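See below for the structure under consideration.
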Amino acid sequence: MNQRLTRFNGLPAGDAERALRDCCASPAWARAVVASRPYPELQTLLTAGAEALAHLPWPEIAQALAAHPRIGQRADGDGRDAAWSRREQAGVADTDEPTRIALRAANQAYEGRFGHTFLIFANGRTSAEILAAATGRLGNDTTTEREVVRGELARITALRLTRLLSE
């Protein structure tokens, strides 16, 4: 990992930002993380990524959300971010039809309520767990849900940063 981190630290800023946008699609987040280089270890990079995400204004979070497919929908493309998304949503890939219909309905209800894609750290979760979370989060007020979304995005971003430096 140290070799990959050294290589990341040495990338031109634009190349590093492009790589980071596979982890989180917010340009402001990618710029903030790049601006804090060099990173001596992965944990320092993860901390910087989390801090940058914690300070993003909501429009930047919304931009990051727009890059994520709905739960239960296969990410299009052959890019690294699409491959990661398909891997993260593996728990819903073979979902039965009634659960798939319920997930679509939950996605629609969530988007109608909050105006953006339902985001959850899906890695390792079953479709039933994800459906329960989507349904439960419909009861949140907007402020609470935005904080939940920020936390879920932070978990996804940390996982992807780790993958970026390990693949």
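Net charge near ARG113, counting Lys/Arg +1 and Asp/Glu -1 over other residues with Cβ under 14 Å of its Cβ?
Counting the neighbours of ARG113, the net charge comes to -1.
Hey, quick one: spin label on ARG155, modelled 7 Å out along Cα-Cβ, who in the stretch 6-37 has an amide N within reach, i.e. under 20 Å?
23-26
Between ASN140 and THR162, what FRET efficiency comes out of the Förster formula 1/(1 + (r/R0)^6) with R0 = 30 Å and r the beta carbon distance, rounded to 0.05?
E(calc), rounded to 0.05, equals 0.60.
Calculate, for GLU51 and GLN108, the FRET efficiency according to 1/(1 + (r/R0)^6) with r their C-beta to C-beta distance and R0 35 Å; round to the nearest 0.05.
Calculated value: 0.55.
Multiplying the sequence separation of ARG100 and LEU11 by 0.36 nm and subtracting their Cα-Cα distance, what value in nm do you get?
Gain on extension, ARG100 to LEU11, equals 27.9 nm.
If you take the C-alpha gyration tensor of the chain, multiply each eigenvalue by 5 and take the square root, what semi-axes do you get, largest first, in whole Å?
Here the semi-axes work out to 29, 18, 12 Å.
Could you work out the relative contact order of the chain? I mean the mean sequence separation of Cα pairs under 8 Å and 6+ apart, divided by the number of residues, in percent.
27 percent.
Each value in this text was obtained by applying a stated rule to the coordinates, not by laboratory testing. Here the structure is a predicted model, which is why all the values come from computation and not from measurement. Ideal geometry is used to build each Cβ from the backbone, glycine not excepted, and the neighbour counts take in all protein chains shown.
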